[in-house]
Amino acid sequence: MVQATIGIIGGSGLYQMDALKDVQEVQLDTPFGKPSDDLIVGTLEGTTVAFLARHGRNHHLMPTELPFRANIHAMKQLGVKYLISASAVGSLQEEAKPLDMVIPNQFIDRTKNRVSTFFGEGIVVHIGFAEPVCHQLAEVLADAVASLQLTDVTLHRGGTYICMEGPAFSTQAESHLYRSWGATVVGMTNLPEAKLAREAEIAYATLALVTDYDCWHPDHDSVTVEMVIGNLRRNATNAQQVIQETVRRLAQNPPPSEAHSALKYAILTPLDKAPEATKQKLSIFLQKYL
Ligand SMILES: CSC[C@H]1O[C@H](OP(=O)(O)O)[C@H](O)[C@@H]1O
Ligand SMILES: Nc1ncnc2[nH]cnc12
């Protein structure tokens, strides 16, 4: 099977990478069902990368319906070691204005209906998630943003991403609550993805693209899709440039990441006592520990 060290998951507005060359569509199946769409493998800056549209290329999957486990498993099958997520977010802070980019370093989980582990069925794993983002990958991403000097875009290094269930946007009370927690941005997708990537020993970082001020802001007391879509388009153009530059830097100098050995001290069940069927199902993650 074709292999790619760098994976990209494109969120709302980013359904393809225009600069990809020698593209092939790869249909993958996983023990957790099919991914959101075919994976698009191609070369970017001379490096093979794998791209997946998180909601499908026609945006037909809502956040609760996303096959997060299949998506990460598919990336693992392709050999991905660094995963860049591009995501639309609402801003919870005045200084993070629409079109700005935030590279979060923390998450808060406000989801209710997501499965965010590969394990169970006889194998217990407690992954370390105190630092949910790969610091080194986030640095490469942030440095790539800074180097491009994009018009009207301020880069915010670090910040907390609240992951809510959706699909409705927040109430004003919720939005104020998140602000009182010191959170920076709100979205609906990145926390389960980050957890599963960590279990899969894939370094993960998010390029959060601000589309709106959520509904706490005195001048923007409601979020509408119309408002979000206008900024999505400009964000997507910027995101393509940032990802391309990030891939160039990563290919030149792939950083070490603690994520790459995250399972080492996380598996509680002795694997020689674990059910064969589960070991088979999860072999892509467990093979190096068997
Ligand atoms: C288009 S507004 C709400 C929608 O956008 C974000 O998606 P993604 O993270 O995939 O870019 C947000 O999480 C919601 O799913
Ligand atoms: N205000 C918002 N809340 C949740 N997800 C979002 N994605 C983009 N804007 C958002």
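The values are calculated or read from the model by the stated rules, or taken from the named source; none is laboratory data. Computed from a predicted structure; not experimentally measured. Every residue, glycine among them, receives a Cβ derived from its backbone with ideal geometry; neighbour counts consider all protein chains shown. Only protein heavy atoms, including side chains, enter the accessible area calculation; ligands, DNA and RNA are left aside. Shrake-Rupley method; radii C 1.70, N 1.55, O 1.52, S 1.80 Å.
A few remarks follow.
- Counting only strands (runs of 3 or more DSSP E) wholly contained in the stretch 19-118, the ones carrying 2 or more residues that are open to solvent by less than 70 Å² (accessible area, probe 1.4 Å) occupy 39-44, 47-53, 82-91, 101-103, 106-110.
- Test: residue in the stretch 33-54 that is touching a residue at least 60 places away in the same chain (Cβ under 8 Å) and within 16 Å of ligand 2 (Cβ to nearest atom): yes
- Among the residues of the stretch 187-215, those identified as hydrophobic (A, V, I, L, M, F, W, C), touching a Gly at 6+ places or on another chain (Cβ under 8 Å) and closer than 24 Å to Ala144 by Cβ are Ile202, Ala208, Leu209, Val210.
- The set of residues in the stretch 217-228 that are among the aliphatic types (A, V, I, L, M), more than 8 Å from ligand 2 (Cβ to nearest atom) and more than 10 Å from Pro98 (Cβ to Cβ) contains only Val225.
- Number of residues in the stretch 220-260 that are touching a strand residue (DSSP E or B) at 6+ places or on another chain (Cβ under 7 Å), more than 16 Å from ligand 1 (Cβ to nearest atom) and assigned to a helix (DSSP H, G or I): the value is 7.
- Consider the stretch 81-123 and keep the residues that are small (Gly, Ala, Ser) and more than 30 Å from Glu276 (Cβ to Cβ). The one that is nearest to ligand 2 (Cβ to nearest atom) is Gly90.
- Positions within the stretch 217-255 being surrounded by fewer than 24 Cβ atoms within 10 Å (Cβ to Cβ) and of a type in the set (Ser, Thr, Tyr), in sequence order: Ser222, Thr224, Thr237
- Qualifying positions in the stretch 137-155 - open to solvent by less than 70 Å² (accessible area, probe 1.4 Å) and in a helix (DSSP H, G or I): Leu137, Ala138, Val140, Leu141, Ala142, Asp143, Ala144, Val145, Ala146, Ser147, Leu148
- Tally of residues being near ligand 2 (Cβ under 10 Å from one of its atoms), free of Cβ contacts under 8 Å to residues at least 60 places away in the same chain and assigned to a strand (DSSP E or B) across the stretch 156-194: 2
- The number of residues in the stretch 195-216 that are open to solvent by 10 Å² or more (accessible area, probe 1.4 Å), of a type in the set (A, V, I, L, M, F, W, C) and away from ligand 2 (no atom under 16 Å from the Cβ) comes to 0.
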